[in-house]
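Below: one structure, written as structure tokens.
The values are calculated or read from the model by the stated rules, or taken from the named source; none is laboratory data. Here the structure is a predicted model, which is why all the values come from computation and not from measurement. Cβ atoms come from the backbone with ideal geometry, glycine included; neighbour counts cover every protein chain shown.
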Amino acid sequence: MSEAKKLDRIQELEHRNFRDDEFWKKVPGWSSVTREEFGDHKWQLKNSIRKIEQVQKVLGELCTPELMSDLEAGQHRTPMNIRITPYIFALIDWKNPWDDPLRKQFLPLGSQFLDDHPYYQADSLGEDTDSPVPMLTHRYPDKVLFLPTTICPVYCSYCTRSRIIGGSTETVEKGTYGANQKKWDDVFEYLKSTPLVEDVVISGGDSYMLTPAQLKYIGENLLKIPHIRRIRYATKGIAIFPQKVLSDYEWFNALNEVHEFARGYGKQVVVHTHFSSPNEITKWSQLAMERLFKSGIIVRNQAVLQDGVNNDVETMVKLTRQLGYLNIQPYYVYMHDMVPGCEHFRTSLREGIELEKAVRGTTAGFNTPTFVCDLPGGGGKRHVASYEYYDEENGISVWKAPYVKPGEFFTYFDPIHKLSPEAQKRWADEGTREKMIQEAIKKVSDH
């Protein structure tokens with residue numbers, strides 16, 4: 001076998017190798033932290049980074065004046081507060097934080113921001129519009145989204161619910177809320193009276209932050225409703241805080257009890273998690289997934305396509321293969337929502353389409369994610385290539401959601417900075433851009 005082929009074979013098997021070094025000791029503030037301490041979920045929460053001053057204190061000399069200045073500038077523009085587990089913070093390459101995919105996701109820099117798209121929306125997906133009772137979105141006939149809390153173990157800079165998650169910032173005043181059993185009971189009453197609903201996604205916030213008692217209360221009350229067949233606990237936790245699965249025995253046992261409770265009713269409980277970069281995956285991730293898998297709990301993944309994080313073929317293929325190897329089913333890759341403070345993350349629709357083409361065929365079909373665009377205005381999830389019309393030159397795509405909202409047209413826009421100089425000039429004029437959009441919709445409505 002030639003050296004080139006040997007190298008290709010090594011690269012093909014790279015997805016089976018998981019980082020197992022004491023990487024956190026490279027962070028000066030944690031150089032003396034033992035593996036046992038780092039693996040404790042209480043230590044992880046207690047030492048989470050929540051302020052810029054903590055970044056400087058923990059990094060010491062690794063935090064240059066240039067980096068600190070950029071971090072401070074980022075706090076003046078970001079719609080999200082900072083909360084990063086030591087696990088993720090220590091995985092960042094602090095020799096080159098500007099280009100690191102984990103730093104980009106969780107620790108905003110002032111230098112990265114771009115002006116918001118003219119058609120951004122704080123509630124891009126129209127979740128509040130489709131909310132029949134507080135904490136619940138009912139868009140698809142047989143599925144609902146339940147948001148019992150707005151608290152997360154980390155705050156992602158690209159959060160689609162930055163309007164409510166993570167507390168108010170300099171740029172956003174938020175109506176953040178915590179656990180409220182009375183409002184949960186109102187949700188259960190609505191669901192009891194809505195027999196078409198079979199599927200409940202429990203998100204937030206993050207279901208990782210529910211106490212064991214809350215986890216069971218919500219799960220069991222939902223499963224007791226006769227027509228509810230499936231519930232999904234949505235959490236980024238496995239990706240950014242695997243230590244909780246491994247050391248918070250009470251919480252894990254509660255999840256397992258709800259899972260067994262569901263099986264007794266002939267129903268299903270699964271976990272949906274959120275890895276977006278292979279750099280998030282270590283031996284800790286593998287150990288956490290081994291525990292979940294041995295308990296028979298199915299885990300699926302929903303990633304977000306982000307510029308400079310995972311929008312290249314090599315990264316997306318590695319992520320997909322690693323997830324499959326861990327017994328996590330790659331489920332969705334989302335086009336980035338058109339929410340504020342995130343224009344630098346967004347990619348063109350064409351990038352999503354071409355990436356899915358490249359990923360498809362690299363592994364088994366059931367372990368190949370579907371790339372989707374969750375339509376602005378509440379049209380729901382559509383396959384990236386299922387648009388009705390795509391004006392690629394001006395970055396305008398028009399969509400229909402015939403069963404979700406029949407007769408309506410939905411538009412999604414590519415980031416302006418990725419368009420040609422001529423197209424950028426057209427977008428700079430309000431009248432011209434409105435005319436372009438109407439012309440694109442007309443091409444669809446005329447057929």
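Restricting segment 418-435 to residues that are within 31 Å of the chain's Cα centre (by Cα) and surrounded by 13 or more Cβ atoms within 10 Å (Cβ to Cβ), the residue that is farthest from Val339 (Cα to Cα) is Ala423.
Here is the figure for segment 318-376: residues that are touching a Leu at 6+ places or on another chain (Cβ under 6 Å) and among the acidic types (Asp, Glu) total 2. Taking first residues from segment 429-447 that are farther than 13 Å from Phe409 by Cα and partners that are in a helix (DSSP H, G or I), the Cβ contacts under 7 Å between residues at least 6 apart in sequence or on separate chains come to Thr432/Arg426; Arg433/Arg426; Arg433/Trp427; Met436/Arg426. For segment 252-263, indicate whether the set of residues that are aromatic (Phe, Trp, Tyr) and under 17 Å from Val154 (Cβ atoms) is non-empty. No, the conditions are met nowhere in segment 252-263.
Set side by side, the residues Thr320, Thr235 differ, and just one is within 21 Å of Asp206 (Cα to Cα), hydroxyl-bearing (Ser, Thr, Tyr) and buried (at least 23 other Cβ atoms within 10 Å of the Cβ), which is Thr235. Answer yes or no as to whether Gln75 is under 17 Å from Glu280 (Cα atoms), of a type outside the set (Ser, Thr, Tyr) and touching a residue at least 40 places away in the same chain (Cβ under 8 Å). Considered against the rule, which asks whether it is under 17 Å from Glu280 (Cα atoms), of a type outside the set (Ser, Thr, Tyr) and touching a residue at least 40 places away in the same chain (Cβ under 8 Å), Gln75 comes out as no. Hey, any hits in segment 15-38 for a residue that's closer than 21 Å to Ser276 by Cα, part of a helix (DSSP H, G or I), in contact with a Lys or Arg (Cβ under 9 Å, 6 or more places away or on another chain) and among the charged types (D, E, K, R)? Within segment 15-38, one or more residues are closer than 21 Å to Ser276 by Cα, part of a helix (DSSP H, G or I), in contact with a Lys or Arg (Cβ under 9 Å, 6 or more places away or on another chain) and among the charged types (D, E, K, R).
Confirm whether Gly365 is over 30 Å from Trp98 (Cα atoms) and without any contact (Cβ under 8 Å) to a residue 12 or more places away in the chain.
Details: over 30 Å from Trp98 (Cα atoms): yes; without any contact (Cβ under 8 Å) to a residue 12 or more places away in the chain: yes.
For Gly365, the condition - over 30 Å from Trp98 (Cα atoms) and without any contact (Cβ under 8 Å) to a residue 12 or more places away in the chain - is met.
Scan segment 406-417 for residues that are surrounded by 19 or more Cβ atoms within 10 Å (Cβ to Cβ) and either outside any strand (DSSP E or B) or among the polar types (S, T, N, Q) (or both) and the total you get is 5.
This table checks each residue for (1) at pLDDT below 95; (2) outside any helix (DSSP H, G or I).
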site: Glu351; (1), (2): no, no
site: Thr362; (1), (2): yes, yes
site: Arg382; (1), (2): no, yes
site: Ser386; (1), (2): no, yes
site: Glu393; (1), (2): no, yes
site: Arg426; (1), (2): no, no
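Among the numbered conditions (1) under 30 Å from Ile437 (Cβ atoms); (2) of a type outside the set (A, V, I, L, M, F, W, C); (3) at pLDDT below 95, the only one that Pro108 does not meet is (3).
Summed over segment 428-447, the residues that are at pLDDT 95 or above and outside any helix (DSSP H, G or I) give a count of 1. Checking each residue in segment 108-148 for being β-branched (Val, Ile, Thr) and in contact with a Ser or Thr (Cβ under 8 Å, 6 or more places away or on another chain) picks out Thr137, Val144.
When the criteria are applied in full, Asn81 meets the requirement of being within 27 Å of Ile164 (Cα to Cα) and polar (S, T, N, Q). Yes or no: Ala122 surrounded by fewer than 18 Cβ atoms within 10 Å (Cβ to Cβ), aliphatic (A, V, I, L, M) and either at pLDDT below 95 or in a helix (DSSP H, G or I) (or both)? So Ala122 fits the description; yes.
Taking segment 1-48 as the search range and keeping residues that are modelled with pLDDT under 85 and among the aliphatic types (A, V, I, L, M), which one is nearest to Thr363 (Cα to Cα)?
Looking only at segment 1-48, we keep the residues that are modelled with pLDDT under 85, and these are 1-12.
With among the aliphatic types (A, V, I, L, M) added as a condition, the list becomes 1, 4, 7, 10.
Values: Met1: 23, Ala4: 22, Leu7: 19, Ile10: 16 Å.
Across segment 1-48, the extreme among qualifying residues is Ile10.
Checked against (1) part of a loop (DSSP other than H, G, I, E, B); (2) surrounded by fewer than 23 Cβ atoms within 10 Å (Cβ to Cβ); (3) in contact with a helix residue (DSSP H, G or I) (Cβ under 6 Å, 6 or more places away or on another chain), Gly296 meets all criteria but (3).
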